[in-house]
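One structure is given here, and the rest of the page talks about it.
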Ligand SMILES: [Zn+2]
């Protein structure tokens, strides 16, 4: 064997091989119904599940937007089922910005690189190989699992989880709770390692601002300019500093971090700053955010257009959507129309109960003495759609990460990469949880 442990095919753990295979299936989701490869990825996942003796079911509510589910019978079928879900799509990657081919699934320095390595083909592979570990050993999970992989998560689940929940609610029969992405990973708190467990998500408001004016020649004195009007509104909104507003989850989050760091609990931003690269990710959980993400206007350098548009990605704390909309209306001022493009609920579940206890205990068995901290995520997941069926969702994709790795910065970022030993760790924790809970 002349291959090194880093690159050797034979040495590559199955969880990393699956994640790499999934990265190599380009499932770019451009939004607005345009996407690649989800059917191929769903068929890859379905074939793997079928090989384990399961019976995958597919649902394609829109051609090529493929969702796949298999129920894994548990030892005690009278217990409520647990949904374990992932999404197969990824956000676009601009190859020139990356150090590697984003869809090459390269392995370098013990890390797997590529679009989806973090969000969330890592967890997809952990889910599949955890189920495989349990079934191949002749065991069964403690309770029924509804293993589901969705399309279109990166566009709010509009052609994925939202339609699956509407048209295939029977897939989730008997399920009361779900686990998925963006939680369970470790962060650095001072010289300690701690884990974040996601128990809530901010609500999502994707808005379009539209300014109208009079069209005209670009050489004229022309105060009624839609581009100017829009630019002022976008700048005002983009520069707004939203006040900190705590919820039960963020209060507990700050209390635990305050105890760990010795920082006073009444300075939330200082506490968030103490957790290294995850700080801006966590600061977003304490307040509304409203980021301009797109601008469209004009068609010729010497023509003033009569319309200009901006896209704003707004994330608000659960239950404050109407208040935030009223604030935004005031900030952008008269003369700007606000259209809601996508709106979805916020979620918040108590950091308690049997599943939470089981997740904390599973992490504790594999990384003793590392505290587990509840947090409210600034973004959204398919747990929003599942909440419509009364299913409480958590973010639990366990990864023990090396110090200093800006993991949260790699969600939708360039050079997404995950340590292979973190994947192996995560699969062990997840297998343990699914066997025992
Ligand atoms: Zn994701």
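The values are calculated or read from the model by the stated rules, or taken from the named source; none is laboratory data. Just so you know, these numbers come straight off a predicted model, no measurement behind them. Here the Cβ positions follow ideal geometry from the backbone for every residue, glycine too, while neighbour counts run over all protein chains shown.
Values as computed for the structure displayed
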read-out: Condition met for residue 125 (more than 22 Å from the chain's Cα centre (by Cα) and over 28 Å from residue 315 (Cα atoms)); value: no
read-out: Count of residues meeting criterion [touching a strand residue (DSSP E or B) at 6+ places or on another chain (Cβ under 6 Å) and assigned to a loop (DSSP other than H, G, I, E, B)] in the stretch 316-346; value: 3
read-out: Odd one out for residue 375 among (1) closer than 21 Å to residue 291 by Cβ; (2) within 13 Å of the ligand (Cβ to nearest atom); (3) crowded, with 21+ Cβ neighbours inside 10 Å; value: (2)
read-out: Residue match in the stretch 156-175 (condition: within 16 Å of the ligand (Cβ to nearest atom) and part of a strand (DSSP E or B)); value: no
read-out: Count - residues of the stretch 100-122 that are surrounded by fewer than 23 Cβ atoms within 10 Å (Cβ to Cβ), touching a residue at least 12 places away in the same chain (Cβ under 8 Å) and in contact with a strand residue (DSSP E or B) (Cβ under 7 Å, 6 or more places away or on another chain); value: 4
read-out: Check on residue 76, at pLDDT below 95 and over 22 Å from the mean Cα position of the chain (by Cα); value: no
read-out: Residue in the stretch 304-315 that is in a loop (DSSP other than H, G, I, E, B) and modelled with pLDDT of 95 or more present; value: yes
read-out: Residue 84 vs. criteria closer than 22 Å to residue 153 by Cα, within 16 Å of the ligand (Cβ to nearest atom) and assigned to a strand (DSSP E or B); value: yes
read-out: Matching residues, the stretch 102-119, being closer than 9 Å to residue 419 by Cα and either part of a loop (DSSP other than H, G, I, E, B) or within 12 Å of the ligand (Cβ to nearest atom) (or both); value: 109, 110
